[in-house]
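Every number in this text was worked out from the coordinates using simple rules, so none of it is lab data. Worth saying up front: this structure is predicted, and the values here are computed from it rather than measured. Here the Cβ positions follow ideal geometry from the backbone for every residue, glycine too, while neighbour counts run over all protein chains shown.
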Amino acid sequence: MKRNGSTLASLRKGQKGIIASVNAADPQVQRLMTLGLVEGAIVELASSALGGDPMEFRLFGRGISLRQEQARQFAVSPVAAGGD
Amino acid sequence: MTKSTEIRVPANQISVSRRAVASIAVVGNPNSGKSTLFNRLTGLRQRIGNYPGVTVERHVGTLKVGDSSLELVDLPGTHALSAHSLEEQIAVDVILGHMEGTATPDGILAVVDATNLYQGLYLVQQLLELERPLVVALTMADAAEVEGLRIDVSGLIAKLGGVPVCPVVATTGQGVEKLRATLARITELPPPAPGKTWPELTTAARELAALAPEATRLAEVERLLIDGPTEARQDFLARFGDGAEVRLQELRDRLFGNEPPLATEARVRYRWVREVLGEVVQQAPPFYGWQARVTAWLNQPVPGTIGLFLVMAIVFQAVFAWATPIMDVIDSATSMLGVQVNATLGDGALASLIADGVIAGVGSVIIFLPQILILFLFIILLEDSGYLARAAYLMDRAMRSVGLSGQSIIPMISSFACAVPGIMATRVIPNRRDRIATILAAPFMTCSARLPVYALLIAAFVPAQSVAFLNLQGLVLFGLYMFGIIMGILTALLVRKTALRGPKPPFALMLPEFRRPNLRTVLMQLLGRAKVFLRRAGTVIFSVAVIIWALAYYPRSDDVAPFVEQQQQAAVSELSGEDLDAALAQIDNQAAAMQLEQSWLGRAGHFVEPVFRPLGWDWRVSSAVIAGFPAREVVVAVLGTVYAVGDEADEATLSGRLKAARWPDGSLVFTLPMVLGLLVFYACCLQCVATLAVIRRETNTWRWPAFAWLYMTAVGYFGALLVYQLGA
């Protein structure tokens, strides 16, 4: 499991990541998984509000907004070149 | 009636005879274009009601296809059959046939946004398990094309096991005819076979269902496996007989191991969705239209936030500037109507009841209809265009710092028109603590019913001079709006730190793309709002108006009639022409005021005067305030009547009379500290029965409305006391 600090919260604007593991014990995180934030999903940081929180991600072309503390529950690995 | 004389009809026969047509549940993600499609399919053949016990609206419409007609039930948007909010719970209950007063749907119309197949197919996948005929409408087919999405519809139909899929553009009607024709034969469609997408779950469900002596719906057993033996499912579990709980646990262990079931469900189902998308969707380079450019620009934090404040400024400007001319028309129409009634029916209780009670009372509320409709127009436009979700996103950090969440911003903005729809809008907030904190903060927002009181007192007592470039009266009004906002925020902070203490809930919000709102949908929603408001004016407010009228009209005094007669004779012998008319009108006013002073309302005013004396209020202000407890806007009308007495009555206008009002010792009643205190009282006090009723319905307990009333009244009283005592 990749836990070297690379989470959804550490993506830069316009950067994509693929969700590698999810801290699924938290019921609130399970709710986010129901919305499609599961292992294997490719996520891009689209924008953030004033002060960098909350953050807006693109998930299969749609916007979804998370607070930083939730974004940290999703570990990401870099997307292979050319992959989408 | 004893049991033996009852005529017993089997329950299933009743339901068959009452349901001549098939009923279809319209299910879809939030923002999937579901309501637009529903409106397109049913047109004006809709009824809006409520689900039992909650204020969630129940939209039912009729779809006519040839000779047959179908009943369509538009359900609240949901992402999954595992509900996380009140509205989602209602959708799930209706789909599974657990909603009292709503029959189990015979078929399901799944509405899927073609540009959001990822989440849409997750829900469709769960609907496939229901063993009910299913039709999928693929909305926003045009937007998908613009975004470069090519969807292989026949490939998708194959993946869904033959379920019909109809691409539509609900805004233009493209593809809707074909969808209608498909829906017409929905009951003849074979229900989808479950187990295609997650065979292990279906197998386990069949094993468990085999234990039950009677037929059991597989979808319910599947939910039982995933959600576990929750309290609500205890009865359901009992059907499987002894030992079912142990078997259930074994099956759950086999399916989920140590993982949370919901997480496993999401992983398995989204894996299937990704496979399907990989096969049936091709992404061409998208075309970037104006929407994409607007989105990109507003995505930057600073322009986005500035834009939000600009939008809100325009909305408030419109609410006050555009509504005024229409409100003036309604105002003169109601007073003309009152005069007509008096002229036709003469004096007496009936004429007074109709003119002073019903027309004046209900009219004083109807007058806010233009403001409320304009505000709703903007809120519907902002919501339909996808902007409100972005407002919640932009404001989340600020709202969180006061113990609320970004989603609280929508109810707060709505409450500037009226707290009732504002409190109803709190349903979008999934967390109960956040929701109640928002409900308690919302009534502090300056609603349109406070405006007449503010306008009267400010015009009378705040000098119309300029401070720097700004008008002092306007500044005071702005200050009162800010005061309401600050009080609301402090209240939210207070309850979140005490009674509603708890962890900060998560914030997950889908941010829809900007879309041009559909005129048809906007107008139909607006019409629905107007109907709800007018129905309320015709029932609750009507009753309140009649009660207040009766309290001010009875008991009749024996002294008034001789006084009037004597005064009239004196006037007739001394005056003529216009002077006489003026004098006679004057006498009528005095008589009304004399009557009022000894009415129940006047007596109540005298009775409570000692309580309000430290605030600098005389019995007349006190009785107006009491009369205003059911609906605060009544206070202006009552002040108008009570100040028609004595020396002040010489003044032509109400504000003139207020300025001239004196205590028996000759000092002025309306001093600046007293007026400021009265304004503070009105800014805080919860004088609105409708708001209390809606808090009761939304929180499902009397505790919160009781708390809100006591708390806001106390804050208003002590605030006014502080201001008056400091100033005096």
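In chain B, how many lysine pairs have Cα atoms under 19 Å apart, counting only pairs 8 or more places apart or on different chains?
Final tally of qualifying lysine pairs is 4.
So which residue, out of A:Gly40, A:Gly51, A:Gly63, gets the largest mean-square fluctuation from a GNM of chain A using Cα contacts under 10 Å as springs?
Judging by the Gaussian network model, the answer is A:Gly51.
If each residue's Cβ is checked for other Cβ atoms within 10 Å, how do B:Thr498, A:Thr7, B:Thr182 rank with the fewest at the top?
Fewest-to-most ranking of B:Thr498, A:Thr7, B:Thr182: B:Thr498, B:Thr182, A:Thr7.
Step by step: find N for segment B:556-653, compute 2.2 N^0.38 Å, then divide the Cα radius of gyration by it. What's the final number?
Working: Rg = 15.1 Å, N = 98, 2.2 N^0.38 = 12.6 Å.
Taking the Cα Rg and dividing by 2.2 N^0.38 Å, one obtains 1.20.
I'd like the antiparallel share, as a percent to the nearest 5, of DSSP beta bridges with both residues in the protein assembly as shown.
On the way: 43 of 61 bridges.
Here the share of antiparallel DSSP bridges comes out near 70 percent.
Taking every residue in B:113-119, how many Cβ atoms of other protein chains lie within 10 Å of its Cβ, on average?
Taking the mean over all residues of the peptide, I get 4.
Other chains near A:52-59: what is the mean number of their Cβ atoms within 10 Å of each residue's Cβ?
The per-residue average across the peptide is 4.
Could you pull out the longest piece of chain B with no exposed loop trypsin sites (Lys or Arg not before Pro) in it, calling a site exposed if DSSP puts it outside H, G, I, E, B and it has at most 15 other Cβ atoms within 10 Å?
It works out to B:240-500.
To the nearest 10 degrees, how steep is helix B:560-574 against the longest Cα principal axis of chain B, on a 0 to 90 scale?
With both axes taken from Cα atoms, the answer is about 60 degrees.
Taking each residue in A:36-45, count the Cβ atoms of any other chain within 10 Å of its Cβ, then average. What number comes out?
Mean number of neighbouring Cβ atoms from other chains: 4.
Need one word for the protein assembly as shown: rounded, prolate or oblate. Basis is the Cα gyration tensor (sqrt eigenvalues a ≥ b ≥ c); a/c below 1.5 gives rounded, then a/b vs b/c decides.
Taking the square roots of the gyration eigenvalues as a ≥ b ≥ c, the protein assembly as shown is prolate.
Compute the signed sum of charges (Lys and Arg +1, Asp and Glu -1) over the other residues within less than 14 Å, Cβ to Cβ, of B:Ser623.
0
Can you show me the helix-derived [θ] at 222 nm for chain B, built from DSSP H runs with n ≥ 4 at -39,500 (n - 2.57) apiece and divided by the number of residues, rounded to the nearest 500. Don't jump to the answer; show the numbers that get you there.
Working: 34 runs with 430 residues, N = 728.
Mean residue ellipticity, 222 nm, calculated: -18500 deg cm²/dmol.
If you count the DSSP beta bridges with both ends in chain B, what percent of them are antiparallel, to the nearest 5?
Rounded to the nearest five, the antiparallel share is 55 percent.
Would segment B:537-578 count as rounded, prolate or oblate if I go by the C-alpha gyration tensor, calling it rounded below 1.5 in a/c and otherwise prolate when a/b exceeds b/c, oblate otherwise?
Oblate.
Just to be sure I understand: of the beta bridges DSSP finds with both ends in segment B:3-188, what percent are antiparallel, rounded to 5? Write out the running numbers ahead of the final one.
Working: 13 of 31 bridges.
In segment B:3-188, approximately 40 percent of DSSP beta bridges are antiparallel ones.
In whole Å, how far is the Cα centre of segment B:294-359 from that of segment B:42-82?
31 Å
If one takes the longest principal axis of the Cα atoms in chain B, at what angle in degrees, from 0 to 90 and to the nearest 10, does the Cα axis of helix B:672-684 lie?
Its long axis makes an angle of about 20 degrees.
Angle, helix B:117-128 long axis vs. longest principal axis of chain B, Cα atoms, 0 to 90°, nearest 10?
Roughly 70 degrees between the two axes.
Find the centroid of the Cα atoms in segment B:566-612 and in segment B:140-199, then give the distance between the two in whole Å.
Distance between centres, Cα-based: 73 Å.
Please label the shape of chain A as rounded, prolate or oblate, based on the square roots a ≥ b ≥ c of the eigenvalues of the alpha-carbon gyration tensor (a/c under 1.5 means rounded; beyond that, a/b larger than b/c means prolate, else oblate).
Rounded.
Pop a pseudo-label 7 angstrom from the Cα along the beta-carbon direction at both B:Ala460 and B:Ala215 and give the gap in nm to one decimal.
It works out to 7.3 nm between the two label points.
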